[in-house]
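Notes follow once the structure below has been shown.
Quick note: the coordinates plus some simple rules give every number you see, no bench work behind them. Predicted model only: the values in this text are computed from it and were never measured. Here Cβ is always computed from backbone atoms with ideal geometry, including for glycine, and neighbour counts include all displayed protein chains.
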Amino acid sequence: MIDHLDEAIEKHYLQVYYQPVIRTLTGRLCGAEALIRSRASCHRATLFPSLKR
C-alpha cells in the first residue's frame, strides 16, 4: 500500500474533500471531516475516512 500511496502522491492522483459538521441543536459549525480520494480508477478507495476536531 505504501508504494501505491507514493505513486498516487507523485502523480497527483489524490483529491481532498471537506464536509462541514453542523450541530443540529444550534445550527453552528462544530468541526469538519476530510476525505482523501484517489482520482485514478485503479486506486479507488478512501484512504483516511474522517478527521474531526
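Some notes on this structure:
- For Ala32, nonlocal amide neighbours, meaning residues 5 or more places apart or on other chains whose placed amide H falls under 5 Å from its own, are Val21, Arg53.
- For segment 16-31, Karplus couplings with θ = phi - 60° (6.51, -1.76, 1.60), whole Hz, Gly/Pro x: 9, 10, 10, 10, x, 10, 10, 6, 5, 5, 10, x, 9, 5, 10, x
- Averaged over residues, the count of other Cβ atoms within 10 Å places the peptides 26-38, 9-21 in the sequence 26-38, 9-21, highest first.
- Under 5 Å between amide hydrogens, built in the peptide plane, is the criterion, and for Leu14 it picks out Arg39 among residues at least 5 positions away or on other chains.
- Calculated FRET value between Arg37 and Asp3, using beta carbons and R₀ = 25 Å, to 0.05: 0.85
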